[in-house]
1. Pairs of alpha-carbon atoms within less than 8 angstrom and 6+ residues apart define the contacts here; what relative contact order does segment 63-115 have, in percent?
2. What GluC sites (Glu not before Pro) does segment 155-214 have in DSSP loop regions with at most 10 other beta carbons within 10 Å?
3. Using the Cα centre as the reference, give the magnitude of the dipole from point charges on the C-beta atoms of segment 73-214 (Lys, Arg: +1; Asp, Glu: -1; all else neutral), rounded to the nearest 20 debye.
4. Kindly provide the helix-only [θ] at 222 nm of the chain, computed as the sum of -39,500 (n - 2.57) over DSSP H runs of four or more divided by all residues, to the nearest 500 deg cm²/dmol?
5. With a 1.4 Å probe and every protein chain left in place, work out the accessible area per residue of segment 23-207 in Å², rounded to a whole number.
6. Run the dipole for segment 167-214 about the Cα centre, Lys and Arg Cβ at +1, Asp and Glu Cβ at -1, nothing else charged, and hand back the magnitude in debye, nearest 20.
7. Considering the chain as a Gaussian network with a 10 Å cut-off on Cα pairs, which listed residue, ARG66, ARG125, ARG161, attains the greatest mean-square fluctuation?
8. Which whole-Hz ³J(HN,Hα) couplings does segment 129-135 yield from phi under the Karplus relation 6.51 cos²θ - 1.76 cosθ + 1.60, θ = phi - 60°, glycine and proline marked x?
Amino acid sequence: MGVRVRQHVNPLSKKFQHAIAPPDWPEIFAQPEQPLYLDIGCARGQFLLEMAQLHPYHNFLGVEIRRPMVESALKRRDALQLTNLHFLFGNINTSLDSLVGAQSVTGVTIQFPDPWFKRRHQKRRVVQPQLVNELAICLKPEGLLLIQSDVLEVAIDMCDRITEHPAFTGTTPPHHWLTESPFPAATEREKLTLSEGLPVYRYLFQRRVEPKSK
């Protein structure tokens, strides 16, 4: 029998306020100098497991707040003997600035995050102003940030928060959702949603290039 995993975890709980310790990059990646892609809320890691196989010259890091999912993802990675993929357990909202350095990440994905529908719970949503600011710091100029959700309200909320930050520019007009993902792999949630004939709301941002000082 599979391990039952709680669907939603409150990221504001005291036990999730400790920052993730930065990994030993040469220990977790065979080629640590390769471009790094970060998947926030990677769940069981299906998207990254596919991406790591399709793009062996890139490194992929997944962060997930539910420990059983991370343990499952690591076992699947080891079974495939992938040396360009790693998963970490923890709360990205308390960890991003200490986990990766400035302009060290080539791309970020935030896919189907917990929606937290009740207004009083929306402060638990992963895309908060502080996270957006830290993403602006860690992404390389022209780095990509993809958000996806099957809940329109959540997709709009993520888009609006990221658009507010001057470091990001949308690759399409606001709320003009991409009809297809720019990546050749898909999450389990994305596959399920599309198989049921339901829409996926996708939007792609790019990190602006800072103007050179005179």
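The values are calculated or read from the model by the stated rules, or taken from the named source; none is laboratory data. Keep in mind it's a predicted model, so treat the numbers as computed, not measured. Here the Cβ is made from the backbone with ideal geometry for all residues, glycine too, and neighbour counts use every protein chain on show. The accessibility values were calculated without ligands, DNA or RNA, using every heavy atom of the protein model including side chains. Shrake-Rupley method; radii C 1.70, N 1.55, O 1.52, S 1.80 Å.
1. 40
2. Passing both the DSSP loop test and the Cβ count: GLU164, GLU180, GLU196.
3. So the magnitude is around 320 debye.
4. Working: 7 runs with 61 residues, N = 214.
Computed ellipticity for the chain at 222 nm equals -8000 deg cm²/dmol.
5. Working: 8660 Å² over 185 residues.
Roughly 47 Å² per residue, with all protein chains present.
6. It works out to roughly 420 debye.
7. ARG161
8. x, 5, 5, 4, 5, 5, 5
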